[in-house]
Amino acid sequence: LKGDWRVGADHFESLLLDYDVCSNWGNWVSAAGLTGGRVNRFNIVKQSKDYDKAGEYIKLWIPELRKVPTQYIHKPWEMPRSVQESSGCFIGQDYPNPVATSKAWETYNKGGKKSEKSKPYRGYYEKRSVRKEKKKSNFEMYG
């Protein structure tokens with residue numbers, strides 16, 4: 001989304017019920033790619049399916065999605081119109097369209113690319129090309 005990560009961290013700080021300063025700000029720094037080493041990509045669909053398969057937590061905290069079938073609970077914006085009507089949840093009206101989507105969301109649970117069938121996308125690592133130059137430190141890159 002290319003926004004300042006500190007705005008997101010501050011916003012979350014004001015809204016989280018279980019707020020912890022280290023977890024919140026540390027995770028935002030990491031998600032912004034400022035921790036050095038590997039670049040983490042948070043795959044919200046993967047996390048949702050791994051930790052809330054049936055969507056119970058989602059349905060508890062997002063009442064608009066309570067009647068959405070489990071098949072669509074992790075990506076409600078993919079519900080066909082007929083399912084939106086039967087669940088009483090219209091995307092773009094009762095529940096927002098995603099601000100952005102990721103190709104990684106599409107490949108999760110589909111085995112990844114043909115050459116990587118044994119290594120399905122897990123949402124943790126960004127592929128990098130081999131570098132020949134010396135890697136810059138975070139201080140050199142961000143001051």
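Figures for the structure shown
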item: Boolean, K75 is over 14 Å from the mean Cα position of the chain (by Cα), buried (at least 16 other Cβ atoms within 10 Å of the Cβ) and of a type in the set (K, R); result: no
item: Condition broken by N109, with the remaining ones in (1) under 19 Å from A54 (Cβ atoms); (2) part of a helix (DSSP H, G or I); (3) modelled with pLDDT under 95 satisfied; result: (2)
item: Members of the stretch 78-100 found to be surrounded by 12 or more Cβ atoms within 10 Å (Cβ to Cβ) and under 13 Å from I62 (Cα atoms), listed by number; result: C89, D94, Y95
item: The stretch 9-38: number of residues that are surrounded by fewer than 16 Cβ atoms within 10 Å (Cβ to Cβ) and of a type outside the set (S, T, Y); result: 17
item: Residue among K67, K49, K59 that alone is open to solvent by 40 Å² or more (accessible area, probe 1.4 Å) and modelled with pLDDT under 95; result: K49
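The values are calculated or read from the model by the stated rules, or taken from the named source; none is laboratory data. Predicted model only: the values in this text are computed from it and were never measured. No Cβ is skipped: glycine too gets one built from the backbone with ideal geometry, and neighbour counts run over all protein chains shown. Side chains included, ligands, DNA and RNA excluded: accessible areas come from the protein's heavy atoms. Shrake-Rupley method; radii C 1.70, N 1.55, O 1.52, S 1.80 Å.
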